[in-house]
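Participant: Sending over a structure as structure tokens; questions will come in a sec.
The values are calculated or read from the model by the stated rules, or taken from the named source; none is laboratory data. If you're wondering where the values come from, they're calculated on a predicted model, not measured in any experiment. Don't worry about glycine lacking a Cβ; one is built from the backbone with ideal geometry, like all the others, and counts go over all protein chains shown.
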Amino acid sequence: MTALLALGGVAKSFGAVQSLVDVTFAIEDHGIVGLIGPNGAGKSTLINVLTGVYAPNSGTVYFAGRDIAALSTADRARIGLVRTFQRPHPILDLTCIEGVMVGGLCRGLSQAEARSEAHEKLELLGLANVADYSPRKLPTGHLKLLDFLRVLMLRPRLVLLDELMAGLSHNELEVVQGVIEQLAQTGITFLVVEHLMGVIRRLSRHLVVMDAGQIVTEGEPTTVIHDPRVVAAYLGDDVESGSGDGASHA
Amino acid sequence: MKRALVIMVVWALFASAGILLRNNYLVSVATSAAFLAVWGQSWNVLGGLSGNISLGHSMFVAVPAYVTILLFQRADVSPLLGALLGIAAAVALAAVIGAATLRLTGPYFSLATLAAGAVVLSLILHYDELTSGPSGIPISFAHDAPEKLEFTNVRAYYLIAITLLAAVTIFLDMIKRSRLGYYIASIKSSEAAAAAAGVRVAWVKVLAFCLSAALTALGGVFYVFFIGFADPNFLAGLALSVKIALIAVVGGTGFLIGPIIGAVFYETIDAVANAYFGAAGGWDVMILGLSVVAIVMTDPRGLCFMAERLWQAIPFRPKVNISARGV
């Protein structure tokens, strides 16, 4: 079986800073894959390269067996490769439900179809009560969930979640994890980038660790987390003098 | 549809008022205000809905006006057909400028449109064999000829102007609620998030720019016959571009009636200042400048938001939704 997403030797640098050195890995269809790494490891850069925000300096990106180098962000989203952002991106001039509808409209739904599907999605996450409100006064957690629902409206095959869960309330966290597990059952694949290790442990069946623009290791989560290379990546080679920036979240 | 009905009723009221009003000067001031409001409304398609502030919109007034007049006077093409060609020229211009300035946002986009407007003015002034350069082109007529857009009674232009205004307003309301309106709104908040949701940002921006140009051009071709003189420094000047953006912002970009309020505000102050102090002293400009500063300092979102806040401050107000804001 060909992988849903396959990266070969992807590199990206900004001036002298090499954010991605040589990233090669694949994501199989179905399931939830975790991606962790200390701050500055290149996780967000990787998501930006995958979604076409940045063009890589070298390397290949195949999605569903197709080279997607020439596709724009919007076209990648339309063929099922979507992402969410670390910080919420509400559509301020639309109501919450209309903001979610945008994804459905891009899938080719009529306004009425998009509205009723958006309503179902809002109910799924317990947000139906804010459907007709402006997002201007909603808390961050709600806004992040609205962003998530907007891209779900595209019926994606692979969803890249860039720290979706950071900043959510305990209840929201429970609901979202449930929804992600449920969606994974229906055949949507997730790449979950998180600092919250509880989320990673619960959701991911496969864990990828990045550090300094490279894949350090990948495999079964509990094994990976205790891998000495992963501990070193988070705490520094010399544990005594390590910054522990990522470790405080972990 | 309720809004369209309200707009048509208001249109009928203003139409009858204009016909009954005996003072020609007041009617022509109202006509100027209506044309200005048409442009403010058209500007809003790009500036208000997508948040891209254009400071070169007078080119979409000048280009179709010149195309229409030149075709009429030099090639005897009916102004009605000429107007269509003029609007097409404005749209083509917008498509080229839009495609070239796509990646620019915020002040960079504004500067680019400002520069484009300056280029258009320079071209009109430079190619004087074609355009008569700085001396402009007079349009003189003594008889009514509707097929040539020539009317001796200023009320005809008044009716044309307020009809265009009503049509553009209804159209803007429809755009806001359309698929395109949702795409434009998402681009305004975040181009990155819009693209992530599958919105083809570049295409939507160019489309909004072209629509805005087309509507502005529609006002432009009728306006030049109302004024009866194609003055390049006015039609293609920076002053008009700024005025169009200014009245939309001062009125309140979030409101459907924002540009209309802004245009009435502008023309009223302009007319009153000219009547009391005379146009020569520059009092009109000074008073306008000070009022704009005062408005922006009170509430930068404009007059409509100020009115809404005042309304909400009334303790026992009747439960009427006066907000014409199209969320």
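Participant: Of everything in region B:67-123, what is touching a helix residue (DSSP H, G or I) at 6+ places or on another chain (Cβ under 6 Å) and not hydrophobic (A, V, I, L, M, F, W, C)? Give them in sequence order.
Facilitator: Residues satisfying the conditions are B:68, B:79, B:82, B:86, B:98, B:101, B:117.
Participant: Further, regarding this structure: In this structure, is residue B:56 assigned to a loop (DSSP other than H, G, I, E, B) and crowded, with 24+ Cβ neighbours inside 10 Å? Steps first, please.
Facilitator: Numbers: assigned to a loop (DSSP other than H, G, I, E, B): yes; crowded, with 24+ Cβ neighbours inside 10 Å: yes.
Answer is yes for this residue.
Participant: Filter region B:174-217 down to residues that are part of a loop (DSSP other than H, G, I, E, B) and either buried (at least 23 other Cβ atoms within 10 Å of the Cβ) or of a type in the set (A, V, I, L, M) (or both) and give me whichever is nearest to the other protein chains (Cβ to nearest Cβ).
Facilitator: The first filter runs over region B:174-217 and keeps only residues part of a loop (DSSP other than H, G, I, E, B), leaving B:178, B:190, B:197-200.
Now restrict to residues that are either buried (at least 23 other Cβ atoms within 10 Å of the Cβ) or of a type in the set (A, V, I, L, M) (or both): B:197-199.
Numbers: B:197: 5, B:198: 3, B:199: 6 Å.
Residue satisfying both the conditions and the ranking: B:198.
Participant: Looking at this structure, is residue A:33 more than 29 Å from residue A:146 (Cα to Cα) and modelled with pLDDT of 90 or more? Give the steps one after another, and end with the answer.
Facilitator: Numbers: more than 29 Å from residue A:146 (Cα to Cα): no; modelled with pLDDT of 90 or more: yes.
Considered against the rule, which asks whether it is more than 29 Å from residue A:146 (Cα to Cα) and modelled with pLDDT of 90 or more, residue A:33 comes out as no.
Participant: Considering A:198, A:213, A:236, which residue is within 26 Å of residue A:12 (Cα to Cα) and at pLDDT below 90? Working first, answer last.
Facilitator: Details: A:198 fails: within 26 Å of residue A:12 (Cα to Cα); A:213 fails: at pLDDT below 90.
Going through A:198, A:213, A:236 in turn, just one is within 26 Å of residue A:12 (Cα to Cα) and at pLDDT below 90: A:236.
Participant: Same structure again: One residue is enough: does region A:128-144 have a residue meeting the conditions more than 14 Å from chain B (Cβ to nearest Cβ) and either closer than 23 Å to residue A:29 by Cα or among the charged types (D, E, K, R) (or both)?
Facilitator: Initially, region A:128-144 is screened for residues more than 14 Å from chain B (Cβ to nearest Cβ), giving A:128-129, A:139-142.
Cutting the leftovers down to either closer than 23 Å to residue A:29 by Cα or among the charged types (D, E, K, R) (or both) gives us none.
Scanning region A:128-144 turns up no residue that is more than 14 Å from chain B (Cβ to nearest Cβ) and either closer than 23 Å to residue A:29 by Cα or among the charged types (D, E, K, R) (or both).
Participant: Please state which of the following conditions residue A:113 fails to meet, knowing it meets all the rest: (1) under 24 Å from residue A:26 (Cβ atoms); (2) surrounded by fewer than 24 Cβ atoms within 10 Å (Cβ to Cβ); (3) more than 9 Å from chain B (Cβ to nearest Cβ).
Facilitator: If we test residue A:113 against (1) under 24 Å from residue A:26 (Cβ atoms); (2) surrounded by fewer than 24 Cβ atoms within 10 Å (Cβ to Cβ); (3) more than 9 Å from chain B (Cβ to nearest Cβ), just (1) comes out false.
Participant: Then there's this: Mind telling me which of the residues B:271, B:245, B:263 ends up being within 13 Å of the chain's Cα centre (by Cα), under 18 Å from residue B:154 (Cβ atoms) and in contact (Cβ under 8 Å) with a residue 60 or more places away in the chain?
Facilitator: Numbers: B:271 fails: within 13 Å of the chain's Cα centre (by Cα); B:245 fails: under 18 Å from residue B:154 (Cβ atoms).
Only one candidate qualifies: B:263.
Participant: Filtering region B:92-112 down to residues that are touching a residue at least 60 places away in the same chain (Cβ under 8 Å) and of a type in the set (Val, Ile, Thr), which residue is surrounded by the most Cβ atoms within 10 Å (Cβ to Cβ)? Even if it seems obvious, please write down each step before you answer.
Facilitator: We begin by selecting, within region B:92-112, every residue touching a residue at least 60 places away in the same chain (Cβ under 8 Å); these are B:93-95, B:97-99, B:102, B:105.
Those still in the list that are of a type in the set (Val, Ile, Thr) too: B:97, B:105.
Working: B:97: 25, B:105: 16.
Looking at the filtered set, the residue picked out is B:97.
Participant: Have a look at A:154, A:173, A:164, A:203 and point out the one that is surrounded by 17 or more Cβ atoms within 10 Å (Cβ to Cβ), over 26 Å from residue A:98 (Cα atoms) and touching a residue at least 24 places away in the same chain (Cβ under 8 Å). Spell out how you get there, then give the answer.
Facilitator: On the way: A:154 fails: over 26 Å from residue A:98 (Cα atoms); A:173 fails: over 26 Å from residue A:98 (Cα atoms); A:164 fails: over 26 Å from residue A:98 (Cα atoms).
When all the criteria are applied, what remains is A:203.
Participant: Among (1) under 20 Å from residue A:193 (Cα atoms); (2) among the charged types (D, E, K, R); (3) within 14 Å of chain B (Cβ to nearest Cβ), there is one condition residue A:12 misses while meeting the rest; what is its number?
Facilitator: If we test residue A:12 against (1) under 20 Å from residue A:193 (Cα atoms); (2) among the charged types (D, E, K, R); (3) within 14 Å of chain B (Cβ to nearest Cβ), just (3) comes out false.
Participant: Moving on. Go through region A:20-67 and report how many residues are of a type in the set (Ser, Thr, Tyr), farther than 15 Å from residue A:192 by Cβ and surrounded by fewer than 21 Cβ atoms within 10 Å (Cβ to Cβ).
Facilitator: Let us first name the residues in region A:20-67 that are of a type in the set (Ser, Thr, Tyr), namely A:24, A:44-45, A:51, A:54, A:58, A:60, A:62.
Filter once more, keeping what is farther than 15 Å from residue A:192 by Cβ: A:24, A:45, A:51, A:54, A:58, A:60, A:62.
Checking which are surrounded by fewer than 21 Cβ atoms within 10 Å (Cβ to Cβ) leaves us with A:24, A:54, A:58, A:60, A:62.
Matching residues across region A:20-67 total 5.
Participant: Does residue A:105 satisfy being touching a helix residue (DSSP H, G or I) at 6+ places or on another chain (Cβ under 6 Å), at the interface with another protein chain (Cβ under 10 Å from one of its Cβ atoms) and within 15 Å of residue A:146 (Cα to Cα)?
Facilitator: Numbers: touching a helix residue (DSSP H, G or I) at 6+ places or on another chain (Cβ under 6 Å): yes; at the interface with another protein chain (Cβ under 10 Å from one of its Cβ atoms): yes; within 15 Å of residue A:146 (Cα to Cα): no.
For residue A:105, the condition - touching a helix residue (DSSP H, G or I) at 6+ places or on another chain (Cβ under 6 Å), at the interface with another protein chain (Cβ under 10 Å from one of its Cβ atoms) and within 15 Å of residue A:146 (Cα to Cα) - is not met.
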